[in-house]
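One structure below.
Throughout, read-outs are computed from the coordinates displayed, never taken from laboratory work. The model shown is predicted, which means the values in this text are computed figures rather than measured ones. Cβ atoms come from the backbone with ideal geometry, glycine included; neighbour counts cover every protein chain shown.
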C-alpha cells in the first residue's frame, strides 16, 4: 500500500515539475526542446510496452511516428494552401491534388488518421507476422527493414510527399501561429498532458490481467498457448497500441518542431528510440520515458559541444547498458535501493522485493 | 462425425502415425482412454510417449490416423483451440512464469475463457477456482511470491495447479516426477491420486517405483507401437514388457 502511495506521490511530483516548474524556469527555446523530448517519450512509452513488457523488439517505430506526423502535416499543408496546391507540389509541377491527399483537407480525418493509420498498419503486420510465429531477431529485422523501406518510399515520391525535405513551413496551426511563443507553450502543455495520460493508461494496461498475460507471452509464448490463449492476438493488440502511441508522438512533433521528414522516421531515429528505452530501463514504463528524455537532452547538449560525436557515444552507451545493466538506469536504481535496504536491515533474510513491473 | 459425445470414449486414438524426417516415431498407435481413468503411459526412451501427447495437444501433426476427443477430431487443430476443448498438459521441463506471482500464474490459467476486453481489468483478490487450486497444490504460503523463487518440485505442482484451475476434461502429465527428490515424489503421488479422483488423467512416466505405487491401468509403448495394455501386475508379468523394459528392474527387484 505504501509503495502504491509513493508511486502516486512520485507521479504527482513529476507532473508538477513538468507542468508548473519547467514552464516557469525554462526559456521559451528550451521549453520547446523539452516538448520535443516529450514527443519522443510518447513513442518510447509504446516501445516500453511492446518490447519491455511484450518482448517484441520493434526497430521500426519510426514508421508509425512518421505516419502520424505526415497525417498531421498533410492537413496543415492543405490548410495553408487554402484550396490551392501545397507549395512543394507546385515546385514539382503537380497540377492536381493527388487522391491520397484529398481526405486530409478535413482536420477531423487528419486527427483520426494520426492514430487509426498506424494502428491499422501495425494490426495488419501483426496478424501476418505473429500468426506465423515470427519473433525475436526475425521480427526485429523485419521492422527495421520496414523503416528503411518507408524512408526510401517517401524520398522517392517527391511530388507526393515532399521527398527528402519532408513537409515544413506551416503558417497556421488551428488558428495559431505555430512559431509564436504562446503556441509553443501551449503545445508543450498539450504534449506533457498527453504523455501523462498515455502513461497512466499504459500503466493500467500493464497492471491488468492483459498485462500479466503479456509478460507471460514475453517469457513463455509456447506455454501461454497451452493455457488456451492465442499469443498472436495478445501481441498484435499490444503492437497496435504501441504504434498508435508512436503516431500520436509524430503528430505532436509536427507543430512542436515544425517539420516532418524521412530522416526523422527511417532506420536511425527508430534505433535511437530503442537505445533510449534500453538506457532508461525497458522493463518499466517510467524507464522508457526517462530514457527518451535523458538521451535526447544529452544528444542536444552533446551535439552543441561536439557535433558528430554523439552517435559514437550513443552506440557505446547502448553496448555498455546491454552487457552490464540490461535493466537500464531504473534497474541500477532498484539494485542500489535493494542493497541499501539490505544493509539497513541485515537481520532480515535477503528477500527480493516483489518487482512491480509498472513502477 | 462418428459417435456422439455420449457413447464415445473421452480419448480415442486410432492408427496414429508420426514421421520425423523419415524416422517413424509412432507407427500406428491405438489407444482408448475412458472417462475417469488414471492411465500410465510407459516405455523405454524413444518409445514415442511424449510424441503421442504432443500430437494430442497439437504440438505435432500426425502423418496418418485420428485423434478423437469426446467425439471431436483434434488432429491438426491449433494448440490453444485444443486447450479450449478441455485438454490440458504439463511439460517435462516445467514452465511457469517466473516474473508473475504464484497466484497470478494460477489466475492466468483459470481465466483463459475470459473474453479479451474483460482482461483489461485488474485482478481483485483471488477467485474461488484459484483458491481451490492453491489449496490442492499446497502452495498457499507462497501465493504472492514470484514463481521464479520456487523449487523444481514446487514448480511442477504449480503447473499441475494451473492445469486443475482450467478445469480440463483430460489432463496429460509428462513425467511429473522427473528430477524430484523422494519427498517430492511422495507428495506428487498424493496430489495425483487426489486429482485423479475427479479428473481423467494420462501420465507419461519413466519412474518404475512411482508407477508401481500409483498406477492402476498401464499402456506400454515400444518403438512407436502399443506393446501391452493392462493393470500394473499383468503388465509387469508380461514377458514382452520384461524383455524391452522391465527386465533389468525385475531382476534387481528380485
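Output the Kirkwood hydrodynamic radius of the protein assembly as shown, Cα pairs only, in Å rounded to one decimal.
27.5
Order these peptides, A:248-257, A:137-146, by their mean beta-carbon neighbour count within 10 angstrom, highest first.
Highest to lowest by the protection proxy: A:248-257, A:137-146.
Bin width 5 Å, alpha-carbon pairs only: give the P(r) of region A:16-93 as whole percents, running from 0 to the bin holding the largest distance.
Going from the shortest bin to the longest, the percentages are 3, 12, 14, 14, 13, 15, 15, 9, 4, 1, 0.
Where does helix A:285-305 land angle-wise versus the long Cα axis of chain A, in degrees 0 to 90, nearest 10?
That works out to roughly 60 degrees.
Regarding region A:2-264, what's the average projected area of the Cα-atom convex hull, expressed in nm²? Can you show the working numbers first?
Numbers: hull surface 61.2 nm².
Value for region A:2-264: 15.3 nm².
Note the direction-averaged projected area, equal to a quarter of the hull surface, for the Cα convex hull of region B:18-84, in nm².
5.0
Per DSSP helix of 4 or more residues, -39500 (n - 2.57); summed, then divided by the residues of the protein assembly as shown. What does that give at 222 nm, rounded to the nearest 500?
Only helices count here, giving -18000 deg cm²/dmol.
Order these by the 10 Å Cβ neighbour count, fewest first: A:189, A:171, A:229.
The most exposed by this proxy come first: A:171, A:189, A:229.
Using only Cα atoms and rounding to the nearest 10 degrees, what angle (0 to 90) does helix A:328-344 make with the longest principal axis of chain A?
The answer is roughly 20 degrees.
Take peptides A:207-217, A:259-269, A:150-160 and line them up by average Cβ neighbours within 10 Å, highest first, as a rough protection proxy.
Ranking, from highest mean packing down: A:207-217, A:259-269, A:150-160.
Would you list A:317, A:205, B:221 from fewest to most Cβ contacts within 10 Å? Mind dumping the intermediate values first?
Values: A:317 16, A:205 21, B:221 26.
Ascending Cβ contact count within 10 Å gives the list A:317, A:205, B:221.
Roughly speaking, what is the centre-to-centre gap between region A:1-47 and region A:73-116 when only Cα atoms are used, to the nearest Å?
Centre-to-centre distance over Cα atoms comes out at 33 Å.
Evaluate region A:121-206: find the radius of gyration of its Cα atoms, find its Kirkwood radius, and give the ratio Rg to Rh.
My calculation of the ratio gives 1.11.
When you look at the Cβ of every residue in A:204-213, what mean number of other chain Cβ atoms sits within 10 Å?
Mean inter-chain Cβ contacts per residue within 10 Å come to 6.
Could you grab the relative contact order for chain A? Cα pairs under 8 Å, six or more apart, rounded to a whole percent.
On the way: 522 pairs, mean separation 113.5, N = 359.
Relative contact order of chain A: 32 percent.
Over the whole of B:145-154, what's the average partner chain Cβ count within 10 Å per residue? Rounded to a whole number, please. Write out the running numbers ahead of the final one.
Values: counts 3, 3, 0, 3, 2, 0, 0, 0, 0, 0.
Mean partner-chain Cβ count within 10 Å for B:145-154: 1.
Could you work out the mean projected area of the convex hull around the alpha carbons of region B:11-253, in square nanometres to one decimal? Write down the numbers at each step before the final one.
Numbers: hull surface 55.0 nm².
Projected area, direction-averaged: 13.7 nm².
Would you tell me the mean number of C-beta atoms belonging to other protein chains that fall within 10 Å of each C-beta in A:216-224, as a whole number?
Per residue, the number of nearby Cβ atoms from other chains is 5 on average.
Quick check: pseudo-label points 7 Å beyond the Cα along Cα→Cβ at residue A:344 and residue A:29, how many nm apart are they?
4.3
How do A:100-113, B:34-47, A:300-313 rank on mean C-beta neighbours within 10 Å, highest first?
B:34-47, A:100-113, A:300-313
Specify the angular offset, from 0 to 90 degrees and rounded to the nearest 10, of the alpha carbon long axis of helix B:182-198 from the longest principal axis of the alpha carbons in chain B.
The answer is roughly 90 degrees.
Provide the convex hull volume over Cα atoms per residue for region B:67-211, in Å³.
Once divided by residue count, the hull of region B:67-211 is 125 Å³.
As a test, work out the antiparallel percent of DSSP beta bridges whose residues both lie in the protein assembly as shown, rounded to the nearest 5.
The answer is about 60 percent antiparallel.
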